[in-house]
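First comes the structure, then the notes that go with it.
The values are calculated or read from the model by the stated rules, or taken from the named source; none is laboratory data. Note that the coordinates shown come from a computational prediction; the quantities given were computed from them, not determined experimentally. Here Cβ is always computed from backbone atoms with ideal geometry, including for glycine, and neighbour counts include all displayed protein chains.
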Amino acid sequence: MASLPFVMIYLIPAIIATGLAIVMWQRRYYRGGRPFTLLLAAIAWWNLCHALSIADTTFEGTLFWSLLQNVGIVLIGPCWLLIALAYSGEWWRVDRRIRRGIFIPELIALIFALTNNLHYLWWSTVVADTSRPFLWLSVTRGPAFWFHSMYAYLCLATGIIILIRASAQAPPVHRYHSRLMLAAALIPAVGNIAFLSGLKVPWNDDPTPILLLISAALAMYTTMRYQLFDLAPLAEQEVIAGLPDGLIVLDSRGLVAEINQHAPRLLGIQQGRWIGRSLTSLIVNSPFERDLQRLLNTPVSGPSRPVICENSTQAIEVRLRPLQSAAGITTGSLLLIRDVSERIRAEQERARHIAALRLINSIARSANTAQETSTLLKTIAHIIVQEGHWERVAIGLIDNAQHIHVVIDATATGCGRLHDQIISAAAASALIERIQHGRPELINLGELTVEDPLAIALQQEGLQSLLLAPLRHDQHAAGILGLASSETKSMTPTLTELVIAIGELITDALIRIRLYEEVQRADRLKTGFLATVSHELRTPLTTIIGYTDMLRRGVLGDLSPEIQETLHYMRQASLNLMRLISDILEFSRMEAGQLTIDIEPVPVPVIVQNVVGQMQPQIREHQLHLMVNIPPDLPMIQANAGRLEQVLINLLSNAIKFNRPQGLIEIKAETRGEWVRISVRDTGIGIAPADQERIFEEFERVKQKNGQTISGVGLGLAISRRLIQHMGGKIGVESTPGEGSTFFCDLPVVPVSRTIGAQADV
Ligand code: ADP
């Protein structure tokens, strides 16, 4: 058992390596976790087999274990290379197939090692060496072994170069552990080279498996102590690769340390090698270069505000945030790139919709208020030029002969040349033909093949697109709306809807104005007619009343009581007719705007007294009771004495007419703030709520339930309302059917300064 200490030299590392492999296996989902586990398992296997080859005392047994240890040996080189890739952050740059392919040459070598007895290409000679306390094999290495060695060293050397580069590029905070990793890689390489070149350890054996364990333990310590692999768990790849956003990690010098697949695409930069290169040089050909350079050159202390970079097809949002270590030292920065083309497109679409709504709103407002066709079309055309971004807007109306009369031709600077012209018959029929189907049509003026003088004229003014929309009324085109722009426009659904809506608004407004104008004309005719007729009726009626009075006074001899009574009724009827004619005449004057009323301070009690005086005979005749209720301190009002009397006489005569027999009439006046309310209350038939507003319209009367006719034409209240309105007041009624009505007029109180002045004048 002299070999036991030597067995232990390898068995203990085998156990340690197994333990470490188990620990690492638990972390296999971290980046590099699997090759690391495999490396530790390979080391454990190598040490175990080596220990067993020492422990075995037979030549065949030692040979068996010595060959079997190659299972571990061949894995060392490729595993190291993969660990170096994982550590340096290059892991995801290497395709999975390549990662597996790295092992293939070594697996081929392993086949040669395990089948050496068949070909002796691994070890060409093997003899027993008994110079040591244990059985040892003295071998001559064959070509397969050297192939494996070269390949293993190639892997190690590549791994070491990667680690050296990573160590050189590592920011200061990572520098220390990157050097530890490098040392870990170099230890077994140096040891193995020393062994192969003949340098011996005290126990005269290969120290590589032990050195490898030391190296692996050091690497493990480094990664776990500094949580290197923890920083990049397996999920990281998924997360970063699965991010719809682009992500670039820059080190403190602005070199790319990490970049995901979307970043180059979003930035519009060439595919290629980015790691370790300066981002500023990579974005030289990016369409967003200027914005990106500006962002990268701005020193950032906290997360930067997102910068939107746009070109004609794409929009990206870029944010730069500094990366800080736990100690608050800025170790680099993170560039997040997001494709916001859709969002920007949606925002632009929304802005377009809002602009369209605003345009429609402005047009609708002027369409509703305009009272004249040319003013309406002019306003609308200018609104479209200013808010709708069309350089030229023309609106023409089509007459029965299918001619187009251009009512307005507006440009941003004034009026176009089409204004007040009639487009030639040929051009008009061509235009009408185009809009006959009722839908707006967009014409690209540049593409017109037909020699159209209008199109040529517009083109000469630098206009590119012409949008024609019909103004349809009663299934046929009543007019045409033409919008021209110097841009080449396209017919989007929004534009189509907008133009249709504008066309409808214009058409509706045109119809409204036409109706309004017709009503105005009819009104003017009616007023003129009424004025003429009433004037012509008044003259003979005055003569009739004059002669009747003459007869009654007995100028032509004494009259019998019967004739006197007849004359009395004749006079009464003539006076009623006269009053009616006067009302009609007055009303027509008002309608024609010929009414002028002088406003002056008016004392209400005096007016009421006059009115009562005039109406007293009728009150008495109808056996009604009259109450007058006017406070002595009532202020003067702003009114016209004669016109106020006229209104009160009208109200009082209605209160008499519509009262019940022996009913009551109350005339009241009271102050209500800045107003004086004069009211006339009766205890008559009353007015139904539905009729209370209507009776103030001209020629409106309420039908009496009992079919009884009460004289009048329905003009008194209409005239009264206009007169009161002219005096700056209001007139109204409160009534309960069957109980009576109260008509009231509110007129403004004379301001204090004017009252004093008036009193001083007196
Ligand atoms: P007119 O008295 O000549 O018919 P008005 O304009 O003065 O015309 O009155 C319009 C209608 O209002 C009257 O026909 C009547 O139906 C109703 N009206 C006016 N005053 C009263 C009232 N005091 N009581 C009931 N109905 C009234």
Problem set entry | Odd one out for Ser66 among (1) crowded, with 22+ Cβ neighbours inside 10 Å; (2) out of contact with any strand residue (DSSP E or B) (no Cβ under 8 Å at 6 or more places or on another chain) | (2)
For this session: Note down all Cβ pairs under 7 Å where the first residue falls in the stretch 474-495 and is within 22 Å of Leu397 (Cα to Cα), the second is basic (Lys, Arg), and they're at least six residues apart or on different chains.
Result: Ala478/Arg472; Ala484/Arg392
Problem set entry | One residue from Ala351, Ala364 being within 17 Å of the chain's Cα centre (by Cα), assigned to a helix (DSSP H, G or I) and either loosely packed, with under 15 Cβ neighbours inside 10 Å or not acidic (Asp, Glu) (or both) | Ala351
Problem set entry | Residues satisfying the stated conditions in the stretch 673-694, i.e. at pLDDT 95 or above and more than 18 Å from Glu739 (Cα to Cα) | Trp675, Val676, Arg677, Ile678
Problem set entry | Criterion (in contact (Cβ under 8 Å) with a residue 12 or more places away in the chain, under 30 Å from Thr222 (Cβ atoms) and surrounded by fewer than 18 Cβ atoms within 10 Å (Cβ to Cβ)) met by exactly one of Leu154, Leu114, Leu163 | Leu154
For this session: Report, by residue number, each residue of the stretch 647-701 that is touching a helix residue (DSSP H, G or I) at 6+ places or on another chain (Cβ under 9 Å), more than 10 Å from the ligand (Cβ to nearest atom) and assigned to a helix (DSSP H, G or I).
Result: Val647, Leu648, Ile649
Exercise. Out of all the residues in the stretch 631-642, is one or more outside any helix (DSSP H, G or I), free of Cβ contacts under 8 Å to residues at least 60 places away in the same chain and within 16 Å of the ligand (Cβ to nearest atom)?
Worked result: no
For this session: Only residues in the stretch 571-596 that are in contact (Cβ under 8 Å) with a residue 60 or more places away in the chain and charged (D, E, K, R) count as the first member; pair them with residues that are surrounded by 15 or more Cβ atoms within 10 Å (Cβ to Cβ) and assigned to a loop (DSSP other than H, G, I, E, B), Cβ under 6 angstrom, at least 6 apart or cross-chain, and list the lot.
Result: Asp583/Leu715
Exercise. Among Thr62, Thr57, which is the only one that is within 30 Å of Thr130 (Cα to Cα) and not in a helix (DSSP H, G or I)?
Worked result: Thr57
Exercise. Taking the stated definitions as given, is Ala501 surrounded by 15 or more Cβ atoms within 10 Å (Cβ to Cβ), at pLDDT below 85, of a type in the set (A, V, I, L, M) and under 30 Å from Thr369 (Cβ atoms)?
Worked result: no
Exercise. What helices (runs of 4 or more DSSP H), lying completely within the stretch 186-246, carry at least 1 residues that are at pLDDT 75 or above?
Worked result: 208-225
For this session: Assess whether Gly732 counts as being more than 9 Å from the ligand (Cβ to nearest atom) and either of a type in the set (Ser, Thr, Tyr) or buried (at least 16 other Cβ atoms within 10 Å of the Cβ) (or both).
Result: yes
For this session: Out of Ser362, Ser374, Ser301, report the one residue that is among the small types (Gly, Ala, Ser) and closer than 22 Å to Ser485 by Cα.
Result: Ser362
Problem set entry | Meets criteria (exposed (fewer than 14 other Cβ atoms within 10 Å of the Cβ), modelled with pLDDT under 95 and not basic (Lys, Arg)) for Glu591 | no
For this session: Provide a single number: the residues in the stretch 710-729 that are away from the ligand (no atom under 11 Å from the Cβ), of a type outside the set (Val, Ile, Thr) and crowded, with 16+ Cβ neighbours inside 10 Å.
Result: 5
